[in-house]
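The values are calculated or read from the model by the stated rules, or taken from the named source; none is laboratory data. For clarity, every value in this text was computed on a predicted model and none was experimentally measured. Counting neighbours? That spans all protein chains shown, and the Cβs are built from the backbone with ideal geometry, glycine included.
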Amino acid sequence: MEDEADLPGATPRRRPKPSVLEIGGRKLKPSTLMMGHGFDPALSEGSLKPPIFLTSTFVFENAAAGKRHFEGVTGKRPGGAEGLVYSRFNGPNQEILEDRLGLWEDAEDALSFSSGMSAITTLLMTFVQPGDTVVHSGPLYAATETLIGRIFGRFGVNWLDFPAGATREEIESVMEQAKGQGRVPLIYLESPANPTNALVDVQAVAAARDALFPDSPPPIAIDNTFLGPLWHHPLRHGADLSVYSLTKYAGGHSDLVAGGITGSRELINPIRMMRNTIGTITDPNTAWMLLRSLETLELRMSRAGENADKVCRFLRDHPKVESVGYLGFLEEGGDARQADIYRRHCTGAGSTFSLYLKGGERESFAFLDSLRIAHLAVSLGGTETLASAPAAMTHLSVPDARKQALGITDNLVRISIGVEDPDDLIADFDQALSAI
Ligand SMILES: Cc1ncc(COP(=O)(O)O)c(C=O)c1O
């Protein structure tokens, strides 16, 4: 591709020095690359860390460069702007963040958004048209279900879903039904699903999609918030786009709201065009905070995962506990289908799980009100342990019959384990269980 420095009168744009991606044939790991990839201190007065670029707009080198940048912004040329233009389109902090985000999943490209929901909305707006039928797994995060069913429904978009653990045959039959209704623009998955932790067989979804739509396969997008980017790499299993609420484990400190999408350049390009138009990019300050968070992502997630395993083993044996819905127990018996998906798709069990207490709302509220280390709050993936009652909080708006079918019962407490000392957490859960 012609470089803008070749244009008449253009000054060479100062580009970051290429990052070191391998040493002696050894491909460097994302946890190493998070410290510096995509940032050249020489472009920022030698600053070791990227400054926060608080500016709404960027000065062009000359008019020809401005034109060329706008060709990228408007999609006349794929791949986005080659230079910095205007903070609704791009910015240094966002670009460094996107370079680093893609590394965890070996993705060609990545985009950052102002929230997980704005990422999902931008994705849907890119691909769907009135009359289309979106095929999705169920359950989905409640706001995503509302978005697809009630909001896009207002614009003539239909949906059909299959349960998270569905087999290839079941998935294919739902896709066939959707195909019979007209265009299927997108297959949208969430795995593990919020709040049940049910896993979707991404390989089976991809096989069914390829069999039914050999000529123009609709993209498969998957919400990878719960286990990604460390323990679940759906792009390797046949998904085309991996979607994140970066508010959760990626941000990791419960102090920001952001979203992300990673995938092939071919699919990311039209999503970027939509984001440029509607303005759903993350802001520079949040992007900077995420860069800081990504440096410790592996450390935080690993510790939280180890803690969760220890805590769940304690909870499982407690007399006031009915059951614990923790992915780490799948291989020890129970649902063989879920265990099979887990074995093929996941490299870790995460730190968010369902605790079913003996009793109902009275018992779960008594437990929640007695916690002294864990905080009573929705959300997940932070350094601190959080606990909430989905039936009465995040999923209050879900109709009772659907709640029952999905296992979102009054005795369910959802817990997201943080990086505290695991034995302190066990002491807290022990005293809260005694208070029931
Ligand atoms: C699985 C999942 N996807 C998407 C979202 C939405 O993300 P955000 O709150 O960053 O918009 C959430 C939020 O809880 C979630 O749990």
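Worth pointing out:
- The listed residue being part of a helix (DSSP H, G or I) and buried (at least 24 other Cβ atoms within 10 Å of the Cβ), out of Ala239, Ala204, Ala208, Ala221: Ala208
- Positions within segment 346-362 being within 16 Å of the ligand (Cβ to nearest atom) and either touching a Ser or Thr at 6+ places or on another chain (Cβ under 8 Å) or at pLDDT below 95 (or both), in sequence order: Ser351, Thr352, Ser354
- Restricting attention to segment 283-327 and to residues that are within 20 Å of the chain's Cα centre (by Cα) and among the aromatic types (Phe, Trp, Tyr), the residue that is nearest to Leu48 (Cα to Cα) turns out to be Trp288.
- Residue match in segment 83-105 (condition: surrounded by 20 or more Cβ atoms within 10 Å (Cβ to Cβ), of a type in the set (Gly, Ala, Ser), within 16 Å of the ligand (Cβ to nearest atom) and modelled with pLDDT of 95 or more): no
For (1) touching a residue at least 60 places away in the same chain (Cβ under 8 Å); (2) part of a loop (DSSP other than H, G, I, E, B); (3) more than 16 Å from the ligand (Cβ to nearest atom), each residue gets a yes or a no:
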residue	(1), (2), (3)
Leu315	yes, no, yes
Tyr342	yes, no, yes
Ser364	no, no, yes
Thr383	yes, yes, yes
Ala387	no, no, no
Ala401	no, no, yes
Thr409	no, yes, yes
Phe429	yes, no, yes
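- Every condition in (1) in a strand (DSSP E or B); (2) out of contact with any His (no Cβ under 9 Å at 6 or more places or on another chain); (3) more than 10 Å from the ligand (Cβ to nearest atom) is met by Tyr244 except one, and the failing one is (3).
- Boolean, Ala250 is in contact (Cβ under 8 Å) with a residue 60 or more places away in the chain, away from the ligand (no atom under 16 Å from the Cβ) and buried (at least 24 other Cβ atoms within 10 Å of the Cβ): no
- Residue match in segment 70-79 (condition: more than 16 Å from the ligand (Cβ to nearest atom), assigned to a loop (DSSP other than H, G, I, E, B) and under 25 Å from the mean Cα position of the chain (by Cα)): yes
- Conditions (1) under 14 Å from the mean Cα position of the chain (by Cα); (2) more than 30 Å from Ser56 (Cα to Cα); (3) away from the ligand (no atom under 16 Å from the Cβ): number failed by Tyr141: (3)
- Filter result (under 20 Å from Leu111 (Cα atoms), of a type in the set (A, V, I, L, M, F, W, C) and out of contact with any strand residue (DSSP E or B) (no Cβ under 9 Å at 6 or more places or on another chain)) within segment 211-241: Leu230
- Matching entry among Ala239, Ala198, Ala208 (being more than 16 Å from the ligand (Cβ to nearest atom), of a type in the set (Gly, Ala, Ser) and in contact (Cβ under 8 Å) with a residue 40 or more places away in the chain): Ala208
- Those residues of segment 317-340 which are out of contact with any helix residue (DSSP H, G or I) (no Cβ under 8 Å at 6 or more places or on another chain), surrounded by fewer than 17 Cβ atoms within 10 Å (Cβ to Cβ), outside any helix (DSSP H, G or I) and in contact (Cβ under 8 Å) with a residue 60 or more places away in the chain, in sequence order: Glu322, Asp335
- Taking the listed residues Gly228, Gly165, Gly156, the one that is more than 26 Å from Val257 (Cβ to Cβ) and surrounded by 15 or more Cβ atoms within 10 Å (Cβ to Cβ) is Gly165, with no other qualifying.
- Any hit, segment 183-191, residues being of a type in the set (Gly, Ala, Ser), within 16 Å of the ligand (Cβ to nearest atom) and either part of a loop (DSSP other than H, G, I, E, B) or at positive phi (or both): yes
- Checked against the criterion of being within 14 Å of the ligand (Cβ to nearest atom) and among the β-branched types (Val, Ile, Thr), segment 153-174 has no qualifying residue.
- Residue ID - nearest to the ligand (Cβ to nearest atom), chosen from residues in segment 371-381 that are crowded, with 17+ Cβ neighbours inside 10 Å and within 19 Å of Lys320 (Cα to Cα): Ala374
- Residue within segment 262-273 that is buried (at least 24 other Cβ atoms within 10 Å of the Cβ) and under 11 Å from the mean Cα position of the chain (by Cα) present: yes
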